[in-house]
Amino acid sequence: MTRARPLRIAFGRIAQETNAFSPVLSTLEDFTRLHWREGQDLLRACGPWRSEVPGLIRNAELSGFVRAARRAGGVELVPLFSAWAMPSGPLTEATYRELLDRLREGLRAAGPLDGVFLALHGAMRAQGAEPEPEAGFLAAVREVVGPDLPVAVTMDLHGHLTPAKVDPCTLLLAYRTNPHRDLCAVGARAGELLVRAARGELRPVSRWRSLPMLLGGGLTIDLFSPMRPVFRAMKAMERRPGVLGVSLFMCHPFNDSPDLGWSVHVTTDGDPGLAERLADELAELAWGVRHQLPPAFLDPQAGIAEVRRARLARALGTVCVVDVSDVVGAGSSGENTNLLRALLEHGQGLRSYLPVRAPEVVDRLWTARLGERVSVTVGGAIDPAHNPPVEVSGVLRAQRRTVSSGRAVLLDLGDVQLVLTELPPLPLKPAFYGELGLSCWKADLVVVKNFFHYRIYFLAHNRKSVPIRTRGLTDLSLALERTYRDPVHPRDPVEDWRPADQRRRGLVPAAAGAGA
């Protein structure tokens with residue numbers, strides 16, 4: 001009996017979450033600096049006991065995909081490349097073209113294939129003629145492999161769906177957790193389904209909906225109301241016979257797509273009617289949480305007062321202060337000085353850890369003598385409109401090279417321990433401060449520049465979270481100032497999501513569905 005040849009499946013990643021308000025454009029160097037692996041090096045990184053993205057996450061989508069393919073057996077893995085950059089401003093056109101060419105060339109060099117798996121983000125934007133790079137990447141995949149080869153894609157649940165992103169995908173799956181902790185599991189699910197589709201065991205058909213809804217769902221955390229019932233309903237849908245995948249995309253509000261909004265996507269095994277019904281049902285569930293908006297955030301003085309009142313929390317651990325206006329994890333520059341100014345004025349007696357991006361200052365202090373008292377000006381270099389300069393004086397305590405933020409120095413300002421970084425600071429984990437000799441157990445407050453994921457990594461230390469709004473590139477109000485093709489909730493009164501959805505999916509002419 002002749003043994004069937006193994007399936008040949010190519011896999012790779014191109015991921016970045018774009019903040020369209022940021023003046024800091026993203027270049028190829030941003031990808032190569034944080035995470036760039038290709039060929040056999042990528043395959044090894046996704047293997048057992050290895051770290052797929054060192055310093056960021058041990059096992060993500062590609063590791064999950066590789067594990068699923070190996071479990072299925074009879075699969076030859078063809079690694080392309082994996083490029084991941086920190087959230088920031090739009091890609092330069094040259095960067096987009098370089099990534100596109102590398103993807104196209106990698107697929108052509110791969111030889112005959114039976115499937116392709118790509119890990120994308122879903123909220124990438126670029127300068128130039130192609131503002132939706134991921135649509136271009138997927139078009140390139142189809143250009144090389146043809147219209148019929150199964151293509152599986154995973155995306156962040158903050159991705160933004162468009163026909164050009166949906167139509168090329170045989171399978172499309174989003175993360176199911178926020179904070180995201182299921183990247184590996186989603187990659188494994190995509191791998192399992194892709195292998196079965198490539199073997200002809202499945203006939204995936206998909207349907208999706210686009211909602212004119214920018215904000216809603218409260219904190220949008222899957223473990224808390226109002227989103228918990230929605231995610232539980234999605235799991236129940238996936239347990240139904242014939243359902244392959246159910247995804248919700250809550251969009252990245254700092255994207256500048258004219259059709260921005262929440263989306264839902266459902267894939268079934270050869271049953272378009274079921275996919276249509278479930279897509280409608282899930283769209284209604286998502287639309288039903290639109291009026292539960294994110295909570296109001298405190299101004300800096302009120303937020304600092306809230307930390308001061310939290311005596312028990314500070315005694316048992318620390319308070320995580322979320323600078324919601326400078327969330328580096330959502331593409332802000334990390335240069336915001338407004339919270340620094342507030343802590344210097346109102347934070348006396350509170351031991352505070354705070355990072356600010358200041359590459360020129362870091363360069364100056366990199367060769368300075370530890371223990372030296374220095375006076376520097378931080379802020380106002382990258383985005384002076386949002387981040388006015390602040391003059392500080394303190395003792396230089398540490399100089400370190402960090403994994404994600406480049407060179408970093410620590411200035412002891414007394415109550416405030418100021419970390420200055422060369423690149424956007426990402427205090428996602430206590431280790432960010434620990435690398436510079438700061439113990440989070442000894443802090444009254446630590447500033448994080450992340451909406452969600454710090455909750456996982458600071459779980460042992462964090463006894464209270466205090467979101468503070470200053471003024472910056474991740475103020476949610478910025479999303480309401482954009483021009484959109486349709487009236488959008490919550491900026492505009494919108495009673496029914498269906499007219500906008502019909503136009504966005506190309507089912508009616510643009511003029512018939514568009515609003516002012």
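The values are calculated or read from the model by the stated rules, or taken from the named source; none is laboratory data. Computed from a predicted model, the values in this text were never measured in an experiment. Here the Cβ is made from the backbone with ideal geometry for all residues, glycine too, and neighbour counts use every protein chain on show. When the accessible area is computed, the model is the full protein with side chains, heavy atoms only, and any ligands, DNA or RNA have been set aside. Shrake-Rupley method; radii C 1.70, N 1.55, O 1.52, S 1.80 Å.
Structural remarks
- In region 383-400, the residues that are under 15 Å from E360 (Cα atoms) and without any contact (Cβ under 8 Å) to a residue 60 or more places away in the chain form Cβ pairs under 6 Å with partners that are open to solvent by 10 Å² or more (accessible area, probe 1.4 Å) and of a type in the set (G, A, S), at six or more places apart or across chains, as follows: P389/G379; P389/G380; V390/G379.
- Test: residue in region 437-448 that is within 26 Å of V166 (Cβ to Cβ) and either modelled with pLDDT under 90 or in contact with an Asp or Glu (Cβ under 6 Å, 6 or more places away or on another chain) (or both): no
- Of the residues contained in region 361-373, none is found to be under 33 Å from the mean Cα position of the chain (by Cα) and closer than 16 Å to V416 by Cα.
- Contact annotation: residue pairs with Cβ atoms under 8 Å, 6 or more positions apart or on different chains, pairing a residue in region 328-347 that is part of a helix (DSSP H, G or I) with a partner that is buried (at least 24 other Cβ atoms within 10 Å of the Cβ) and among the basic types (K, R), are V328/K449; G329/K449.
- On the stretch given as region 282-301, residues that are surrounded by fewer than 16 Cβ atoms within 10 Å (Cβ to Cβ) and more than 19 Å from L219 (Cβ to Cβ) total 3.
- Among the residues making up region 391-440, those that are outside any strand (DSSP E or B) and among the charged types (D, E, K, R) are D415, E422, K429, E435.
- Selected residue (criterion: surrounded by the most Cβ atoms within 10 Å (Cβ to Cβ)) from residues of region 170-216 that are free of Cβ contacts under 8 Å to residues at least 40 places away in the same chain and under 20 Å from the mean Cα position of the chain (by Cα): Y175
- Remark: R469 matches the filter, which requires a residue to be in contact with a Phe, Trp or Tyr (Cβ under 6 Å, 6 or more places away or on another chain) and touching a residue at least 40 places away in the same chain (Cβ under 8 Å).
- In region 30-48, residue nearest to G89 (Cα to Cα) [restricted to those that are within 22 Å of the chain's Cα centre (by Cα) and part of a helix (DSSP H, G or I)]: D30
- Scanning region 153-169 for residues that are free of Cβ contacts under 8 Å to residues at least 60 places away in the same chain and of a type outside the set (A, V, I, L, M), we see that the one that is least open to solvent (accessible area, probe 1.4 Å) is K165.
- Residue match in region 191-201 (condition: more than 22 Å from D114 (Cα to Cα) and in contact with an Asp or Glu (Cβ under 6 Å, 6 or more places away or on another chain)): no
- For G218, the conditions (1) out of contact with any helix residue (DSSP H, G or I) (no Cβ under 9 Å at 6 or more places or on another chain); (2) farther than 23 Å from R505 by Cβ are fulfilled apart from (1).
- Those strands (runs of 3 or more DSSP E) lying entirely in region 62-164 with at least 3 residues of a type in the set (V, I, T): 151-155
- In region 322-365, residue nearest to P295 (Cα to Cα) [restricted to those that are surrounded by fewer than 22 Cβ atoms within 10 Å (Cβ to Cβ) and among the acidic types (D, E)]: E345
- The single condition from (1) hydroxyl-bearing (S, T, Y); (2) part of a helix (DSSP H, G or I); (3) open to solvent by 10 Å² or more (accessible area, probe 1.4 Å) that S51 fails is (2).
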